[in-house]
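Asks: First the structure, which I've put down as structure tokens, then a few questions once you've had a look.
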Amino acid sequence: MTEIVLATLNARYEHASLALRCLLANLGALRGRAHLVEGVCGVVPEAFVERLLEGSPRIVAFSVYVWNVDELTRITRILRRVAPDVSIVVGGPEVSHETDEQVLCRLADFVVTGPGELAFAGLCRALLDGPRPLMRVITGGEDDLALLASPYPYYEERDLASRNVYVEASRGCPYRCEFCLSALDRNARPFPLEPLLASLDGLHRRGARRFKFIDRTFNLNPRVGRAILEFFLERQRADDPCFAHFELVPDRLPESLREPLGRFAAGTLQLEIGIQTFDPAVQATISRRQDNDRSIDNLRWLRRHTNAHLHVDLIAGLPGEDLDGFAAGFDRLVALGPHEIQVGILKRLRGAPIARHTGAFDLRFNPDPPYNLLASDRISFADMQRITRFARYWDLFANSGRFAATMPLVLDGAPFSRFMAFSDWMYRCTDATNRLSLERRFVLLHRWLVETGAADGGAAIEHALRSDYARHSPRGVPPFLRPRVTPQVTPQVTPPVTPPVTRTAAPGLPPGATENPALPKRQARHIQAEKPAAERADERAEERADERAHG
């Protein structure tokens, strides 16, 4: 019989909960009496409750985040009705603050706030063996990280084979950016390096090939960062590569990190870099320390001298920044040429200090998850809606990597204003930001480009769209391509948000290493888009020959 169930809903199947595995690892003697139940958002609530109760547990504990709180609330209502004797425990970032205001916290028997490994283990011992705690809210503490048991043995074979393996080299953050819950941390605390490297080696030996570090400031300690980078470089093989993702502070890139970063082959490294805003006044308002000039220099260096896939974040709606200010920052970032720009909408996460600006800047947040900004004194509700759609369409067209040849024609000298015009037009035509098939996106993009003016009669537009279409070969052929014959050699294309750059060749794996089964599909498309045209043409010819040979 299972007495303790640790459960959550992940945003996608490829995610695997590190939090649940941390809790399981630190249950001590109770570990054998517990098991994990993971689902994906969108699950049928009754079916998930049925899974939770399969082993007749006495305790069900939920790991709660902004993306799953609504669904877990519905699941908890059902669980409370059908299994009233089960003790329900909730914990995680979403329920660690403002607990009195939350329906889920009222439905639960106990709430664990903050870091919860040891606090949760103590609660389980009390619930199973007595005496039952009198306090409903249990405060977690900043436990000594050296004393915590490793969660990594609890990734199962299916996790290692087909899901992201989440790992952490440190907890906390020394910065105080007020939109982030990490602003509440006092400092960044590292896990002991040697045990961490041993755990990573164990995961790699078991078959893990897609590692995502959740540290906010991976490059805060260059010595530790370099040791981890060298760990992955030593294990790269042309016939068996692996993929590593890190989040970097943009203005900290010493030579000791630049050198190993430059040795990663294409398809093996992704860097997430939070710029958020280039406006010094806005940065000061939200307590963000960032050297913009150094950040820009570092982004240029990474783009030119490494094969890293660069995913850079901007936030729309920060207090003090209007639409023109955000547009200026966006255009500045586009000129630096990252592979992806993640346009985020400011959110009022529970507990985040950004709430202190609500009155001064008339910040109006959605009362329901994800607590996104609806309007401010600088940006109207209508314009926030436009930015939200802009972010969605940018993800579908620019970040997707499917329109690498065509995006320079869309952006053409004024990236934000041009793409906002396209976004507004898209919404007028479709009244939708999802359920847009790839073929329909090609048709709509062609139509907009032609309608907004083509001095050469549209030849450059069709040339670029043919190149993009040939690389992805979706089923069916858009009408504007049917009368013509696709050229045998695909023309040279440019990256989606930048003119061509001169890049120093990074030593590393042999040529075949870019075909990386561990690499997420979207990143793989960006790599494909940057290959020489002749190489892509040769690959397409081989693919067509193979298709003919196999009918």
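Asks: How do the helices (runs of 4 or more DSSP H) wholly within region 376-445 filter down when requiring 1 or more residues that are hydrophobic (A, V, I, L, M, F, W, C) and under 15 Å from residue 465 (Cα atoms): which remain?
Replies: 407-411
Asks: Here's a check for you: in region 410-448, which residue that is surrounded by 13 or more Cβ atoms within 10 Å (Cβ to Cβ) and of a type in the set (Asp, Glu) is modelled with the lowest pLDDT?
Replies: That would be 439.
Asks: Same structure, new question: Only residues in region 115-130 that are touching a residue at least 40 places away in the same chain (Cβ under 8 Å) and on the phi < 0 side of the Ramachandran plot count as the first member; pair them with residues that are among the β-branched types (Val, Ile, Thr) and assigned to a helix (DSSP H, G or I), Cβ under 9 angstrom, at least 6 apart or cross-chain, and list the lot.
Replies: none
Asks: Might you check whether a residue that is out of contact with any Gly (no Cβ under 6 Å at 6 or more places or on another chain), within 20 Å of residue 252 (Cα to Cα) and buried (at least 21 other Cβ atoms within 10 Å of the Cβ) occurs anywhere in region 319-326?
Replies: Within region 319-326, not a single residue is out of contact with any Gly (no Cβ under 6 Å at 6 or more places or on another chain), within 20 Å of residue 252 (Cα to Cα) and buried (at least 21 other Cβ atoms within 10 Å of the Cβ).
Asks: Right, here's the next one. Can you spot a residue in region 168-182 that is within 20 Å of residue 29 (Cβ to Cβ) and touching a residue at least 12 places away in the same chain (Cβ under 8 Å)?
Replies: The answer is no; no qualifying residue exists.
Asks: So, one more: Please find, among 86, 69, the residue that is of a type outside the set (D, E, K, R), in contact with a Pro (Cβ under 7 Å, 6 or more places away or on another chain), surrounded by 22 or more Cβ atoms within 10 Å (Cβ to Cβ) and over 25 Å from residue 144 (Cβ atoms).
Replies: Sole residue among the options that is of a type outside the set (D, E, K, R), in contact with a Pro (Cβ under 7 Å, 6 or more places away or on another chain), surrounded by 22 or more Cβ atoms within 10 Å (Cβ to Cβ) and over 25 Å from residue 144 (Cβ atoms): 69.
Asks: Can I ask one more? Could you say whether any residue in region 277-297 is of a type outside the set (Phe, Trp, Tyr), touching a Leu at 6+ places or on another chain (Cβ under 7 Å) and farther than 30 Å from residue 364 by Cβ?
Replies: yes
Asks: Scan region 263-284 for residues that are under 23 Å from the mean Cα position of the chain (by Cα) and assigned to a loop (DSSP other than H, G, I, E, B) and jot them down.
Replies: Result: 264, 265, 266, 267, 268, 277, 278.
Asks: Regarding region 259-269, can at least one residue be identified that is surrounded by fewer than 23 Cβ atoms within 10 Å (Cβ to Cβ), assigned by TED's automatic domain parsing to the domain that holds residue 347 and in contact with a Lys or Arg (Cβ under 7 Å, 6 or more places away or on another chain)?
Replies: Yes.
Asks: Can you tell me which residues in region 233-244 are without any contact (Cβ under 8 Å) to a residue 40 or more places away in the chain and either under 17 Å from the mean Cα position of the chain (by Cα) or in a loop (DSSP other than H, G, I, E, B) (or both)?
Replies: 235, 240, 244
Asks: So which residues in region 44-91 are under 19 Å from residue 24 (Cβ atoms) and out of contact with any strand residue (DSSP E or B) (no Cβ under 6 Å at 6 or more places or on another chain), if there are any at all?
Replies: Across region 44-91, the qualifying residues are 53, 54, 55, 56, 58, 65.
Asks: Still on this structure, please answer the following. Picking from 287, 295, which residue would you name as being within 18 Å of residue 174 (Cβ to Cβ), surrounded by fewer than 19 Cβ atoms within 10 Å (Cβ to Cβ), in contact (Cβ under 8 Å) with a residue 40 or more places away in the chain and among the small types (Gly, Ala, Ser)?
Replies: After applying the criteria, what remains is 287.
Asks: Residue by residue through region 110-137, note down the ones that are touching a Lys or Arg at 6+ places or on another chain (Cβ under 7 Å) and under 29 Å from residue 183 (Cα atoms).
Replies: 110, 111, listed by residue number.
Asks: Among the residues of region 1-29, how many are part of a helix (DSSP H, G or I) and closer than 21 Å to residue 113 by Cα?
Replies: Residues in region 1-29 being part of a helix (DSSP H, G or I) and closer than 21 Å to residue 113 by Cα: 9 in total.
Asks: Taking region 201-215, which residues are closer than 12 Å to residue 242 by Cα and among the aliphatic types (A, V, I, L, M)?
Replies: The answer is 203, 208.
Asks: Here's another thing I want to ask about it. Here are some residues: 43, 69. Which one is under 24 Å from residue 119 (Cα atoms) and modelled with pLDDT of 95 or more?
Replies: Among 43, 69, only 69 is under 24 Å from residue 119 (Cα atoms) and modelled with pLDDT of 95 or more.
The values are calculated or read from the model by the stated rules, or taken from the named source; none is laboratory data. Fair warning: this is a prediction, and the values are worked out from it, not measured in the lab. All Cβ positions, glycine included, derive from the backbone under ideal geometry; neighbour counts span all protein chains shown.
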